Amino acid sequence: MSEVIAQLPRVLIVDDSRMVRASLVKQIRDKFDVREETDGEAGWQSLLLDPTIEVVISDIGMPRLDGFGLLARIRGSRLSRVNTLPVLIISGEDENEARMKAQAMGATDFITKGTPRVELVARIEALAKLAQTRRELEESREQLVRRNRGDVSVMVIQVDGYDKLCESYGHSVGQLVHRKLSKLLSAKVRKEDTIAHLAEGQFAIISPSADLDACGAFALRLRRAIDTIVMTYKEHRIRISLTVGLASAHGDPNLSLEELLQLAASRVADGVLLGGNRVVSESGEVNADNIGRFSRLAVSIDHALTQIRTGSRDEPRKRLRELVQTVMPLLELFEQDFRIDLRLAQLAEKAQVTSLEMHTTTTMTATITSNPTEWRG
């Protein structure tokens, strides 16, 4: 029986220095399949011809086409497999201005020449995972479109000042915050939602059958919950905040996941410019005053049914009023089309749902509450 060998992630290293390339290859060759090129033009041709490349590592100063030129071509490419590739820029200790320029052009991460092997491998592994996640999300997006006719919304969630947090307290503290937020999101989203790690301190949530109001309500609750969290590290008490960007396909099946992510990410950037700790949608900042009916604590019908089926009825009982309010439009439709009397007025009276609430709740939605928690590191 032949043994199946797992394919290592392929990394493209673009640098005109043979010594730099040799050093990088020596450090990562046991973890990655490496392809080398000596300048940006050759690197660009490799990207067009080799669809298996998952991460690009590029120097800045090179002949023919430098690192900035290569980065601009990658981000401007019409091929989604190319323009979404993680790009790690190699920079010198005294190249802060060049690093800032590369970041503004869309560089994903940076390393300095001489970065220790453990950190180097960890950075590249994170970028390879990012590339894999994006592919999986695009496949998920296609499935969601087929099932939901383009009715998909995206949230990009970013920890404010994540880089500064790492600089002040160390990268391990930043990773702890990232893991804790990941765990919190996993516990709070619906089972039909998809959580993706976009970068350190940044996540995306893909939500089928949820409009921007529902996502905005979730984001506001999440942000308020994070505001109450305190993480203790040694003698320091660390608080964090989140900025969230929202985007929706609005039923358009031709809008790609990458376009939705870019829209949501651009709104995160808008929120950061406004000072952070904000939720931003296509119409501007979202707050409790303009979120509309979804600012109330709505419930997930799917979640309630799952609890009932598994014998856990106590939690649904606590929220019967909200459950009735959420399903009332559907019950009214049953009553109208099947021409039967479901005694909805009596049900509303028992659940203490007013006639105004019955007739203004026209969409079944799902938002999730977040309980304040304290993290201790």
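Counting pairs of alpha carbon atoms under 8 Å apart in space and at least six apart in sequence, what relative contact order in percent does the range 14-74 give? This gives 39 percent for the range 14-74.
Residue separation of ALA122 and ARG78 scaled by 0.36 nm, minus their Cα-Cα distance, works out to 12.9 nm of gained length. Only protein heavy atoms count here; on that basis, with a 1.4 Å probe, LYS31 has an accessible area of about 90 Å².
Size of the range 1-92 from its Cα atoms: along the principal axes, largest to smallest, the extents are 48, 33, 18 Å. How much FRET efficiency would the formula 1/(1 + (r/R0)^6) give for THR133 and ASP163, where r is the Cβ-Cβ distance and R0 is 25 Å, rounded to 0.05? Approximately 0.75, to the nearest 0.05.
Would you mind getting me the FRET efficiency between ASP50 and ASP302? Use the beta-carbon distance for r and R0 = 35 Å, nearest 0.05. About 0.25, to the nearest 0.05. For the pair SER241 and SER256, the difference between a 0.36 nm per residue extended length and the Cα-Cα distance amounts to 2.5 nm. One decimal place: the segment LEU274-ASN290 gains 4.0 nm when fully extended, by the rule 0.36 nm per residue minus the C-alpha distance.
Heavy-atom accessible surface of THR52, to the nearest 10 Å², is about 70 Å², with a 1.4 Å probe and all protein chains retained.
Label separation (ALA187 vs GLN346): 4.2 nm, computed from points 7 Å beyond Cα along the C-beta direction.
Measure up LYS129/LYS180; LYS101/LYS164; LYS129/LYS234; LYS101/LYS183; LYS31/LYS164; LYS129/LYS188 against 26 Å on the Cα-Cα distance and list the ones that go over. Beyond 26 Å: LYS129/LYS234; LYS101/LYS183; LYS31/LYS164. Dividing the Cα radius of gyration of the range 159-232 by 2.2 N^0.38 Å, with N the residue count, gives 1.17. Taking 0.692 mPa s as the viscosity and 37 °C as the temperature, the Stokes-Einstein diffusion coefficient of the range 40-134 based on its alpha-carbon Kirkwood radius rounds to 243 µm²/s.
The values are calculated or read from the model by the stated rules, or taken from the named source; none is laboratory data. Just so we're clear, the structure is a prediction, and the values are computed from it rather than from any experiment. Every residue, glycine as well, gets a Cβ built from its backbone with ideal geometry; the counts of neighbours run over all protein chains shown. These area figures cover heavy atoms from the full protein model, side chains too; ligands, DNA and RNA do not enter into them. Shrake-Rupley method; radii C 1.70, N 1.55, O 1.52, S 1.80 Å.
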